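A.B. asks: Have a look at this one.
The values are calculated or read from the model by the stated rules, or taken from the named source; none is laboratory data. Note that the coordinates shown come from a computational prediction; the quantities given were computed from them, not determined experimentally. Here Cβ is always computed from backbone atoms with ideal geometry, including for glycine, and neighbour counts include all displayed protein chains.
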Amino acid sequence: MARLELKSVDKSFGSVSCAKGVSLTVEPGEIVAVFGPSGSGKTVLLRMIAGMFEPDAGDILVGGHSIVDAPPEQRGIGMAFQNFALFPHMTARDNIASGLRASGAADVAAKVAAMSRLLKIEHVLGHKPRELSNGQKQRTALARALIGNPEVLLLDDPLRNVDAKLRYEMRLELPSLLRRGSAAVLYVTQDYREAMAIADRIVVLFNGRLVQVARPEEIYSRPASVAVARLFGDPSINLSEVTPRAEQGRVIADLAGTQIRLDAEDASAVVGQRCWLGVRPDDVMVTRQAGDGALPARLVAVTPIHERAVVLLRFADGSEWLAALAPDALQAGADEDVYVRFAPETVLLFDHATGERIGLSPRRQAA
């Protein structure tokens, strides 16, 4: 199988820039999720690779050979669209087989039967798209993309239009399914949980630029910026302004009127610098016990969400944080006074002006 490479790819439509110097390598058998807010350029990136758009600058290579001037059908690329894009006049069987027949492949019927068994849609092969559920349409579109054993597989938010149960099941099934063919896979999604569950690496895209490329656990625990940190995690990361200072060999800061210790790798990188201090709600502890470094707060509201309770806390200065706790870990109710703690190693610091992460080395793993 072949490696997919993007080298300094640019693309604009009039004054709107959709890709700015995008460089990325996807190895055979690797699943890379492209994640970012709506309008960040994710789909445009896939369509340039597929041959629907041509880049304004840069190069796209498959197996070391440029495909920029190659017609789409000669690029060795499979693609599944968000809206399924099935031929409405064809049965599921014919939709799956369409690419094979166009290329003159042999044993089409046997290959369609094998792929449909793998995706558990053999019982609907004779149905047309209007007779299929969204889940069956999604699997039919995926079968069509996979059946030709493409060197590169592009998936444009393929689970967005299916129900929650199937989306959860497919998150579990897709990684092993996609690795059967050893294709280099680019998987666009707007769901950070999906990206973390499916991908070997995640590409975070903002306004056409790659702002971070890393493994899922690193994206979560060491986000490159405030913007990336906010995208990953539900509830979102807590952020407060601080100006760290050095005192008796330690780095400390005042947070909501309380002195806290920071676990700094390089004190000089943060001392005297205005920062955003970030703590994930999962790392916030809420107790009735006062103590060194504990922040007094008022418990404003408790919202049960599945196996967790999301707690809204208000500090004396009026700022608010969220905590995500196991329901049995909560020792207080709404409108009660509590204390908030978090381990120093869970703290993230970001430059106040640029939003970029600075001088801390958290020793935590992704939740």
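A.B. asks: Quick one: in segment 1-40, of everything that is small (Gly, Ala, Ser), in a strand (DSSP E or B) and touching a Gly at 6+ places or on another chain (Cβ under 7 Å), which residue is nearest to residue 192 (Cα to Cα)?
C.D. replies: 19
A.B. asks: Restricting attention to segment 210-219, does a residue exist that is of a type in the set (Lys, Arg), assigned by TED's automatic domain parsing to the domain that holds residue 12 and touching a residue at least 40 places away in the same chain (Cβ under 8 Å)?
C.D. replies: No, every residue in segment 210-219 fails to be of a type in the set (Lys, Arg), assigned by TED's automatic domain parsing to the domain that holds residue 12 and touching a residue at least 40 places away in the same chain (Cβ under 8 Å).
A.B. asks: Does segment 109-126 contain at least one residue that is of a type in the set (Asp, Glu) and out of contact with any helix residue (DSSP H, G or I) (no Cβ under 7 Å at 6 or more places or on another chain)?
C.D. replies: Looking through segment 109-126, none of the residues is of a type in the set (Asp, Glu) and out of contact with any helix residue (DSSP H, G or I) (no Cβ under 7 Å at 6 or more places or on another chain).
A.B. asks: Do you know which residues across segment 189-225 are among the aliphatic types (A, V, I, L, M), surrounded by 20 or more Cβ atoms within 10 Å (Cβ to Cβ) and over 24 Å from residue 7 (Cα atoms)?
C.D. replies: 196, 198
A.B. asks: Taking segment 106-150 on its own, how many of its residues are within 12 Å of residue 95 (Cβ to Cβ) and not in a helix (DSSP H, G or I)?
C.D. replies: Residues flagged as within 12 Å of residue 95 (Cβ to Cβ) and not in a helix (DSSP H, G or I) within segment 106-150 amount to 7.
A.B. asks: Within the group 120, 128, which residue is of a type in the set (D, E, K, R), assigned by TED's automatic domain parsing to the domain that holds residue 219, farther than 30 Å from residue 66 by Cβ and touching a Pro at 6+ places or on another chain (Cβ under 9 Å)?
C.D. replies: Within the list 120, 128, the selection yields 128.
A.B. asks: Looking at (1) at pLDDT 95 or above; (2) under 26 Å from residue 223 (Cβ atoms), which one does residue 55 not meet, given that it meets all the others?
C.D. replies: Unmet condition: (2).
A.B. asks: Would you be able to tell me the number of residues in segment 41-76 that are of a type in the set (A, V, I, L, M, F, W, C), outside any loop (DSSP other than H, G, I, E, B) and closer than 25 Å to residue 16 by Cβ?
C.D. replies: 8
A.B. asks: With respect to residue 15, determine if the residue is surrounded by fewer than 15 Cβ atoms within 10 Å (Cβ to Cβ), among the small types (Gly, Ala, Ser) and touching a Lys or Arg at 6+ places or on another chain (Cβ under 7 Å).
C.D. replies: Considered against the rule, which asks whether it is surrounded by fewer than 15 Cβ atoms within 10 Å (Cβ to Cβ), among the small types (Gly, Ala, Ser) and touching a Lys or Arg at 6+ places or on another chain (Cβ under 7 Å), residue 15 comes out as no.
A.B. asks: Find the residue count for segment 209-233, including only residues that are of a type in the set (Lys, Arg) and under 17 Å from residue 32 (Cα atoms).
C.D. replies: The qualifying residues number 2.
A.B. asks: Mind checking which residues of segment 301-337 are in contact with a Pro (Cβ under 8 Å, 6 or more places away or on another chain) and part of a strand (DSSP E or B)?
C.D. replies: 304, 308, 309, 310, 315, 321, 322, 323, 324, 337
A.B. asks: Those residues that are surrounded by 11 or more Cβ atoms within 10 Å (Cβ to Cβ), within 29 Å of the chain's Cα centre (by Cα) and of a type in the set (Asp, Glu), I need them from segment 291-337; list them, please.
C.D. replies: 320
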